[in-house]
1. Between a first residue in the range 39-62 that is over 27 Å from Phe4 (Cα atoms) and a second residue that is modelled with pLDDT of 95 or more and of a type in the set (Lys, Arg), which pairs have beta carbons less than 8 Å apart while being 6 or more apart in sequence or on different chains?
2. Name the residue, out of Gln45, Gln56, Gln70, that is under 17 Å from Leu123 (Cβ atoms) and in contact with a Pro (Cβ under 9 Å, 6 or more places away or on another chain).
3. Filter the range 87-114 down to the residues that are more than 16 Å from Leu9 (Cβ to Cβ) and under 16 Å from the mean Cα position of the chain (by Cα), then identify the one that is surrounded by the most Cβ atoms within 10 Å (Cβ to Cβ).
4. Gly80 fails exactly one of the following numbered conditions: (1) in contact (Cβ under 8 Å) with a residue 12 or more places away in the chain; (2) out of contact with any Leu (no Cβ under 7 Å at 6 or more places or on another chain); (3) under 19 Å from Gln114 (Cα atoms); (4) in a loop (DSSP other than H, G, I, E, B). What is the number of that condition?
5. Which pairs turn up if I take residues in the range 108-122 that are within 10 Å of Ile75 (Cβ to Cβ) and of a type in the set (S, T, N, Q) and look for partners that are part of a strand (DSSP E or B) and modelled with pLDDT of 95 or more with beta carbon separation below 6 Å, at least 6 apart in sequence or on another chain?
6. Just a yes or no: is a residue in the range 26-34 among the hydrophobic types (A, V, I, L, M, F, W, C) and over 24 Å from Thr5 (Cα atoms)?
7. Counting only residues that are surrounded by 12 or more Cβ atoms within 10 Å (Cβ to Cβ) and either at pLDDT below 95 or within 14 Å of the chain's Cα centre (by Cα) (or both), how many does the range 22-61 have?
8. Could you list, in sequence order, the residues of the range 1-38 that are touching a strand residue (DSSP E or B) at 6+ places or on another chain (Cβ under 7 Å), of a type in the set (Gly, Ala, Ser) and either assigned to a loop (DSSP other than H, G, I, E, B) or in contact (Cβ under 8 Å) with a residue 12 or more places away in the chain (or both)?
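The values are calculated or read from the model by the stated rules, or taken from the named source; none is laboratory data. Predicted, not measured: the structure shown is a model, and the values here were computed from it. Here the Cβ positions follow ideal geometry from the backbone for every residue, glycine too, while neighbour counts run over all protein chains shown.
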Amino acid sequence: MTTFTKTILFTDTDGRARFKHEEIALSEGSPQSMLSQLMPSGGMQLRMSPVGFRSQFHVSPHPQWVFILQGQMEIFLQVGTSKVFSPGDHFYSADVLPQGATFDPKVHGHWSRQVGPDPLQTLFVRA
């Protein structure tokens with residue numbers, strides 16, 4: 001069976017954000033147009049971030065897909081690693097604050113920045 005690799009930014013049991021991968025079955029459609037099952041969504045937003053953009057540490061307000069449309073986005077994790085996403089790349093941002101926790105920028109979340117010569121354009125689709 002053919003699958004789609006979903007890159008997930010998530011909150012691990014220690015409260016820190018990490019990346020992992022999950023396979024989504026493309027079990028519907030036809031051999032020429034393989035589809036996943038339909039997934040619900042709660043709306044979408046477009047964002048433009050200028051050259052030089054950098055956020056502070058934060059958690060995702062709610063799980064959402066992030067698609068890079070133009071430019072590059074680098075995501076930095078508390079564990080000291082980062083990952084660069086380019087046009088056509090995606091990730092599922094689910095590093096929400098653990099239930100009952102108070103946000104601590106030394107433990108929770110990630111920060112992002114625009115890299116390269118082009119402004120960053122992203123599409124956010126709420127899960």
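1. Phe53/Arg113; Arg54/Arg113; Ser55/Arg113
2. Numbers: Gln45 fails: in contact with a Pro (Cβ under 9 Å, 6 or more places away or on another chain); Gln56 fails: under 17 Å from Leu123 (Cβ atoms).
Sole residue among the options that is under 17 Å from Leu123 (Cβ atoms) and in contact with a Pro (Cβ under 9 Å, 6 or more places away or on another chain): Gln70.
3. Only one residue fits best here, namely Gln114.
4. (1)
5. So the pair list comes out as Ser112/Met73; Ser112/Ile75.
6. Filtering the range 26-34 for residues among the hydrophobic types (A, V, I, L, M, F, W, C) gives 26, 34.
Still in the running and over 24 Å from Thr5 (Cα atoms): none.
Checked against the condition, which is being among the hydrophobic types (A, V, I, L, M, F, W, C) and over 24 Å from Thr5 (Cα atoms), the range 26-34 yields no hits at all.
7. So the count comes out to 6.
8. Ala17, Ala25, Ser36
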